[in-house]
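One structure is given below, encoded as structure tokens.
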Amino acid sequence: MNYTYIVKCSDKTFYTGWTNDLEKRIEMHNSGKGAKYTKARLPVELVYYEAFDTKEEAMSREWHIKRLSRSEKQKLIEAADLKKL
């Protein structure tokens, strides 16, 4: 399974990415080994994710989400029923 996800950083900004191991990726972000952007904004909290069969689908969705405004991302997050891993 492949995932597109959004994390909320400690400064209340959002970071969007994709991965094939969501739990491990969030751990990497919080250990400072994730993305350069999140490294300076720890800790991060998983606030949204979608699952896809292929890497290409997850990457495409990441691209589309990154082009949303902050308020559009917030609406997406609020509409989701996020189940904690």
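Since every read-out is calculated from the coordinates, none of them should be taken as a lab result. None of these values were measured; they are calculated from a predicted model. With ideal geometry, Cβ positions are generated from the backbone for all residues, glycine too; neighbour counts draw on all protein chains shown.
What to note about this one:
- Proximal aspartates and glutamates to Lys55, defined as alpha-carbon separation beneath 15 angstrom and excluding residues fewer than eight positions away on the same chain: Asp21
- When you restrict to C-alpha pairs under 8 Å that are six or more residues apart and normalise by the size of the chain, the relative contact order lands at 35 percent.
- Maximal additional length on extending the Met28-Lys12 stretch stands at 3.9 nm, based on 0.36 nm per residue less the C-alpha distance.
- Ordering of 40-46, 4-10 by burial proxy (mean other Cβ atoms within 10 Å per residue, highest first): 4-10, 40-46
- Beyond 24 Å in Cα-Cα separation lie the following of the pairs Lys39/Lys73; Lys36/Lys75; Lys24/Lys75: Lys36/Lys75; Lys24/Lys75.
- P(r) tail fraction, the chain - alpha-carbon pairs more than 17 Å apart, %: 44 percent
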